[in-house]
Amino acid sequence: MLNDTYRHKGLRKQLAKLLKEKGIESAEVLKAIETVPRHLFLNSSFIERAYEDIAFPIGAGQTISRPHTVAFQTELLELKRGEKVLEIGTGSGYQTSILLEMGAKVFTIERQKELFDKTKAFLPSIGYSTKFFYGDGYKGVPVFAPYDKIIITAGAPTIPDALLAQLKIGGRLVIPVGDKVQTMTLIEKIGAKQFEKTEFGEFKFVPLLEDKAWKG
Ligand code: SAH
């Protein structure tokens, strides 16, 4: 793969080991972390630190999440190969690539034009092809619904109803809910209008912005 080296591969192995120590158990998630070349998703000034467990700016005031956060959310999805996943907040495309690497069919949506354009061009260039949408994630992508899994990668004040409606019965939705800090929340859809909620620890995300705040 373009600009990937044995040194980078070694650093990824160490990162996967660190995430395991931090409590990530899924072998499939750890394997994906070991495979996706995170350094290629960062501005060149951060490349040296790409395999530390930290977030970085990716432009348009947004960030690529910490690897631990990506792994934690992905593990909660309990993804199986071939499942349809809706991702809200494409950003750098790193989380998208982790999902693709695990064999998911991914539909990803981004509201910042600059990031949408950049990532839509970049991901296929490193071998990850998927469906990109430019728009408001609060509305989801109803034409391809229902989804087996839905992942929201920005902090949401509330859980959008449209996304709950687009989830399959038996499906899982993972969303950080809250204002300044967010509680990682898992929603399991157990009936057409029945949901079970489980809350996990606190995380910090950039906000999921509504249409009215659109600056893109
Ligand atoms: N998954 C990304 C994380 C990016 S941060 C990665 O791995 O890099 C969250 C992203 O959500 C930002 O790119 C932000 O622009 C986007 N976002 C915020 N509100 C949104 C909305 N309503 N619809 C779609 N994307 C949104």
*Identity of the residue in the range 1-56, in contact with a strand residue (DSSP E or B) (Cβ under 9 Å, 6 or more places away or on another chain) and charged (D, E, K, R), that ends up nearest to I98 (Cα to Cα)*: R38
*For residues that are free of Cβ contacts under 8 Å to residues at least 60 places away in the same chain and in a strand (DSSP E or B), scanning just the range 177-186, find the one that is surrounded by the fewest Cβ atoms within 10 Å (Cβ to Cβ).*
T183
*How about the range 9-25: which of its residues are surrounded by fewer than 19 Cβ atoms within 10 Å (Cβ to Cβ) and touching a Leu at 6+ places or on another chain (Cβ under 9 Å)?*
K17, K20
*asked:* more than 8 Å from the ligand (Cβ to nearest atom) and touching a strand residue (DSSP E or B) at 6+ places or on another chain (Cβ under 8 Å): which single residue out of K139, K113 fits that description?
replied: K113
*Pick from the range 158-170 the residues that are over 18 Å from the mean Cα position of the chain (by Cα) and either crowded, with 22+ Cβ neighbours inside 10 Å or of a type outside the set (V, I, T) (or both): which of them is nearest to the ligand (Cβ to nearest atom)?*
A162
_Pairs, first over 19 Å from F203 (Cβ atoms) and of a type in the set (K, R) in the range 69-88, second outside any strand (DSSP E or B) and within 15 Å of the ligand (Cβ to nearest atom), C-beta under 9 Å, six or more apart_ = K80/M102; K80/A104; R81/M102; R81/A104; K84/A104
_Residue check for T69: buried (at least 21 other Cβ atoms within 10 Å of the Cβ), at pLDDT 95 or above and under 21 Å from I175 (Cα atoms)_ = no
*Could you pull out the residue among E101, E87 that is crowded, with 16+ Cβ neighbours inside 10 Å, acidic (D, E) and more than 21 Å from Q62 (Cα to Cα)?*
E101
_The lone exception for F144 - which of (1) buried (at least 20 other Cβ atoms within 10 Å of the Cβ); (2) under 21 Å from L79 (Cα atoms); (3) in contact (Cβ under 8 Å) with a residue 40 or more places away in the chain; (4) within 16 Å of the ligand (Cβ to nearest atom) it fails_ = (1)
_Among (1) within 13 Å of I151 (Cα to Cα); (2) modelled with pLDDT under 95, the one test that L99 misses_ = (2)
*asked:* For the range 187-213, give me the residue count where each residue is under 26 Å from A60 (Cβ atoms), in a loop (DSSP other than H, G, I, E, B) and of a type in the set (A, V, I, L, M, F, W, C).
replied: 4
*In the list K197, K189, K131, K193, which residue meets the criterion of being charged (D, E, K, R), in contact (Cβ under 8 Å) with a residue 24 or more places away in the chain and surrounded by fewer than 19 Cβ atoms within 10 Å (Cβ to Cβ)?*
K131
*If you check every pair at least six apart or on different chains, which have Cβ atoms under 6 Å apart with a residue in the range 22-35 that is without any contact (Cβ under 8 Å) to a residue 40 or more places away in the chain first and a residue that is surrounded by 15 or more Cβ atoms within 10 Å (Cβ to Cβ) and not charged (D, E, K, R) second?*
E34/A16
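The values are calculated or read from the model by the stated rules, or taken from the named source; none is laboratory data. Small disclaimer: the values here were computed from a predicted structure and weren't measured. Every residue, glycine as well, gets a Cβ built from its backbone with ideal geometry; the counts of neighbours run over all protein chains shown.
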